Each structure stands twice: as structure tokens, then as C-alpha cells.
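All remarks here apply to the structure that follows.
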Amino acid sequence: EESKMQPPTVVIALLARNAAHSLPYYLGALERLNYPKERISVWAATDHNSDNTTAILKEWLTVMQKYYHYVEWRPMDKPTSYAGELGPKHWPNSRYEYVMKLKQAALNFARKRWADYILYADTDNILTNPDTLNLLIAENKSVVAPMLDSQGAYSNFWCGITPQGYYRRTAEYFPTRYRHRVGCFPVPMVHSTLLLDLRKEGMKKLAFYPPHEDYSWPYDDIIVFAFSCRAAAIQMYVCNKERYGYLNVPAKPHFSLEDDRLNFVHVHLESMIDGPPMYPSRFVHMFPKQRDLMGFDEIYLINLRRRTDRRDRMLFSLNELEIDVKVVDAVDGNALNSSDIKILGVDLLPGYYDPFSGRTLTKGEVGCFLSHYHIWKEIVDTQMDKALIFEDDVRFEANFKRRVLMLMEEVELVELDWDIIYLGRKQVNPGKEAAVENVQNLVVADYSYWTL
């Protein structure tokens, strides 16, 4: 009996710039791909960095290069910025051109080595599904992308393109993005993470640089490549059959590296909820987080002892946000009986009914109330000025910490007389709520169904 075929050979093209915040997770995901490393060559380039991207890549490649078939390493230490660049997240034409040349160099390398495939994956695209490479190869497409999730409607494909080469909104985008229709779909544009099948005849004509002789669209690496595919009559596809991973929403040109890092933290936290989560490489040193109390006397996390999954996720999330927290065991309402409630001196207000659902309090709500009461008592007894309380099912918005700090700054500036500020809640009558003068994003709360 004949032995089975070896898997196809793959080149992974890794282009990194100022990616120190995402690289440990990106590299960790590459390590965990269910694909024989001896069938993979890594083509890695880094340039124009003002952070320690080069050092992280060196550290990882030093350990990992022996596992891969071959590693091509192309670092460029200087300069740290492009001519005419407004900041590290700005893309002048000189940057687009350099990136196109790098992508073309990786493609030339793959062709020269007779690789079967080349996988391009941006360094803030985290392929948390270890089967991604196998799944894409199995689709048997010339150019195919795994649909990646983000913290919003953004993803790594377009469903429409204008005659001038710009993004066009179409009816198909949202059903595809939110997986209301599932499959592999022909689209005019995929970017950020894509697999090219170099065995296909038509792929000989594809190029990232120089742009096609008939090219008149915007000078942008992803649009130049989409045009090249169109000119060579090669159809791009996006697949959303699985959750393959996550990508960061592109930073605005004026953003700093810190803004970009905070954006990535939010994507990281979302991956903890929707899964599969991101894990850093074991071979990259991670600095411990610098947690603080954000100007509060204490920050509490209420958690039912039996819900260890929630406790773990919240402690992980708060650590990523660099927020220090004290865990308080919640009162388990389900374990309370009528005599327990009586002994605790808990009485319902006569004739009380929940205005939202029209029912009396549940045992779970009594437990929740008692948990908050115990914290309130500690705040009073220790004469705290202000404290922040989290429950264990919180889902954080982007830039949570920065926004809370700005809010508390404004509250102090206008000397607002306040007792309780809800940071999250379900509004019941939003139209009836008056804005608080001189404080952004704060209203005088009407009835709320749940609060934080």
C-alpha cells in the first residue's frame, strides 16, 4: 500500500511594524496552527519601528526557526518613520509603496521556492482557530480569506467596489459579516489575511507591485492587489463558515501607538466572550501589567463562588485593562430560604412590583441586593470617598478605562453633587432623561432595568 501524500508547502508572509502589543498573540496563534511546521517557511520583515517589534520577532524566531522548514529574516532598524508621515498610524504613499514591494518580495520568494501556497496575515490579525490554514486549503480557491471578527461591523472583505475602486456598501455585507448567510462567497476584495494557491495557472499573472499598467484606482496596497486579481480574471472569496479569528479596526491617521494598543485590548477582551480566545506565544517575554485603582478608594468585583468561569474571565479582563480589584463573594440568592431572608431582616416594600416585568423580587435579586448592601456597609464603615463596583457578567466597551477617568475628571471639575453613577444599564424610558450640564455622556437616570 502506498503511503499518503505530504501536506502542501506553505510560505507565511509576516510583515510587522509597531506591532509589539499584538505580536505575542499573533505569534502564539501561528505556533498553534494544526499544520506540520516542517512544511512551512516563514518570510518575516519588519521596518520603521518606534517600539520593540524587532526584538520580539528576534526572540520568537531564535526559538522557532528550528521547527520551520526555512526562515527568511529581513529587519530594517532605521529610519523609524516615513517621509511625510503624520504619525505611526498614518499611511503616506511612500508607505503604501514600501508595503507593496514587501508583499511582492514575499510572493517572489514563495514562487522561487516552488511553494504551493502563500498565506499573508497582518500582525494584528489573530488566527485563534488552529484549523484555519487547513480549512482554507480545503476550499480549493485561488485567493481565499477567512472572515475575521472585530469589535464592530468591520471585517477583512468588501462586498462591493465602485468603478473608481472605492468601497461600496451592498445588501450582502451585513448578512455575511454577522453570519446570517454562511459559506464561501465571491467578493471584489479580501485583505489583511488571505491565502493564495500558487499551483493554479492563472496565479502567474498576479502582482502586488508594480501596479497593473491600466491601474488608475487609489494608491493603496489592498486595492492594487484586488485590481491585479480582476485583470487576471481571478475571483477572490471570503469564507465565514467558522470563527477563524479576530482583527483590529484600522487606526485613524492621527492615532498614537497607545490608541492602537487600547483598540487591540478591546478585541482581546471580546475574544474572551465569543471565543476562541487569544493566547500569547510561550516564547515571547510579556511584561506584567501595571494595575491601579483609577483614583477610587476601592474597586470591587462581585462574583458567585460557584461561577469560577466568570471570575476567571473578569480577573483576566481587568488585568488586561490594568485595573486593580478586590473580589467579593456574592450572596447566593438560590441558597436562601424564607427563614434565612427573615433572619437577615429583609422585607419587601408593601405592594412592591417590578415596574418593568410586573413581578415581585426573585431570590436571585435578593442575593444581588444583599451583596451590594455588604459592600455599601464597608464603604460607609471605612469612610471611603468613592468606590467602583463591577458584577461578574460585565462586557466592556472600547476604551473603558480612559472613558471612566475622563468622566470622573469632568464630574470633579464641575463639582457635581452625586451619590451613584451607573456606568452601564438598560434604559426603560430614555426620552425622559435630562442631560447633566457640562458633563459629557451623563444623564439624570430614570428607571433602569439593570445597572452597574
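Does the stretch 125-146 hold any residues that are in a loop (DSSP other than H, G, I, E, B) and in contact with a helix residue (DSSP H, G or I) (Cβ under 7 Å, 6 or more places away or on another chain), and which are they?
Scanning the stretch 125-146 gives L127, T128, S142.
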### When residues of the stretch 45-97 are limited to those that are under 25 Å from the mean Cα position of the chain (by Cα) and of a type in the set (V, I, T), the one surrounded by the fewest Cβ atoms within 10 Å (Cβ to Cβ)
T54
### Query
Going through the stretch 342-359 one residue at a time, which ones are surrounded by 12 or more Cβ atoms within 10 Å (Cβ to Cβ) and either among the acidic types (D, E) or modelled with pLDDT of 75 or more (or both)?
L344, V346, Y353, D354
### Message
So, in the stretch 262-283, exactly how many residues are crowded, with 17+ Cβ neighbours inside 10 Å and in a helix (DSSP H, G or I)?
### Response
11
### Query
With respect to L301, is the statement that it is within 30 Å of A16 (Cα to Cα), surrounded by 16 or more Cβ atoms within 10 Å (Cβ to Cβ), out of contact with any Ser or Thr (no Cβ under 9 Å at 6 or more places or on another chain) and not basic (K, R) true?
no
### Message
What's the total number of residues in the stretch 103-124 that are of a type outside the set (S, T, Y) and either assigned to a loop (DSSP other than H, G, I, E, B) or surrounded by 21 or more Cβ atoms within 10 Å (Cβ to Cβ) (or both)?
### Response
13
### Message
Can you confirm whether K252 is more than 25 Å from K103 (Cα to Cα), surrounded by fewer than 18 Cβ atoms within 10 Å (Cβ to Cβ), in the same structural domain as E59 (by TED's automatic domain parsing) and out of contact with any Asp or Glu (no Cβ under 6 Å at 6 or more places or on another chain)?
### Response
no
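Could you tell me whether the stretch 52-70 includes any residue that is within 20 Å of Y244 (Cα to Cα), in a helix (DSSP H, G or I) and in contact (Cβ under 8 Å) with a residue 12 or more places away in the chain? Working first, answer last.
We begin by selecting, within the stretch 52-70, every residue within 20 Å of Y244 (Cα to Cα); these are none.
No, there is no match, as no residue in the stretch 52-70 is within 20 Å of Y244 (Cα to Cα), in a helix (DSSP H, G or I) and in contact (Cβ under 8 Å) with a residue 12 or more places away in the chain.
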### Query
Just wondering, is there one or more residues in the stretch 149-168 that are out of contact with any Gly (no Cβ under 8 Å at 6 or more places or on another chain), under 23 Å from M100 (Cα atoms) and free of Cβ contacts under 8 Å to residues at least 24 places away in the same chain?
yes
### Summary
Screening Y154, Y98 for residues that are part of a loop (DSSP other than H, G, I, E, B) and modelled with pLDDT of 95 or more leaves only Y154
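Look through the stretch 284-336, keep the residues that are of a type in the set (A, V, I, L, M, F, W, C) and assigned to a strand (DSSP E or B), and return whichever of them is farthest from E397 (Cα to Cα).
The initial filter retains those residues of the stretch 284-336 that are of a type in the set (A, V, I, L, M, F, W, C), namely 284, 286-287, 293-294, 296, 299, 301-302, 304, 314-316, 318, 321, 323, 325, 327-328, 330-331, 335-336.
This time we only want the ones that are assigned to a strand (DSSP E or B), so: 299, 301-302, 323, 327-328.
Values: I299: 18, L301: 17, I302: 19, I323: 14, V327: 21, V328: 23 Å.
Here the residue is V328.
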### Of all residues in the stretch 422-437 being part of a loop (DSSP other than H, G, I, E, B) and modelled with pLDDT under 80, the one that is farthest from F356 (Cα to Cα)
N429
#### Entry: Number of positions in the stretch 354-378 that are under 18 Å from K426 (Cα atoms) and part of a loop (DSSP other than H, G, I, E, B)
7
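If I filter the stretch 169-178 for residues that are assigned to a loop (DSSP other than H, G, I, E, B) and modelled with pLDDT under 95, do I get at least one hit? Lay out the reasoning, then the answer.
The first filter runs over the stretch 169-178 and keeps only residues assigned to a loop (DSSP other than H, G, I, E, B), leaving 169-172, 178.
Pick out the ones that are also modelled with pLDDT under 95 and you get 169.
Within the stretch 169-178, one or more residues are assigned to a loop (DSSP other than H, G, I, E, B) and modelled with pLDDT under 95.
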### Summary
D393 meets each of (1) at pLDDT 80 or above; (2) part of a helix (DSSP H, G or I); (3) surrounded by 12 or more Cβ atoms within 10 Å (Cβ to Cβ); (4) acidic (D, E) with one exception, condition (2)
### Message
For the stretch 186-229, which positions are assigned to a helix (DSSP H, G or I), surrounded by 18 or more Cβ atoms within 10 Å (Cβ to Cβ) and touching a residue at least 40 places away in the same chain (Cβ under 8 Å)?
### Response
M203, D221, I223, V224, F225, A226, F227, C229
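The values are calculated or read from the model by the stated rules, or taken from the named source; none is laboratory data. The model shown is predicted, which means the values in this text are computed figures rather than measured ones. Glycine also receives a Cβ, built like all others from the backbone with ideal geometry; neighbour counts cover every protein chain displayed.
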